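Input: a single structure, listed below in structure tokens.
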Amino acid sequence: MKTQLVLGFWTAGGFTDKLNDALADLEAHGHEIIEVQYRTPVFAYTALIVYK
């Protein structure tokens, strides 16, 4: 399994766009998404994508 980290700062909209783009890119290249974990600490958004 592999992981990809997506980061966003200040706005949820920009983070959501980055996350959706990363998921679409992985699926377009034939990867299977196993899990997406996200956190929203102060002033930042992070997501960890687990795929194979």
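No lab work stands behind these numbers, since they all come straight from the coordinates. It should be emphasised that the depicted structure is a prediction, and the values quoted were computed from it without experimental measurement. Cβ atoms come from the backbone with ideal geometry, glycine included; neighbour counts cover every protein chain shown.
Looking at the P(r) of region 2-51, how many percent of alpha-carbon pairs lie beyond 16 Å? Value for region 2-51: 35 percent of Cα pairs lie more than 16 Å apart.
In a reduced charge model with +1 at each Lys and Arg Cβ and -1 at each Asp and Glu Cβ, the chain shows a dipole moment near 200 debye about its Cα centre. Between helix 12-28 and the chain, what is the angle of the helix's C-alpha long axis to the longest principal axis, kept within 0 to 90° and rounded to the nearest 10? With rounding to tens, the tilt is 10 degrees.
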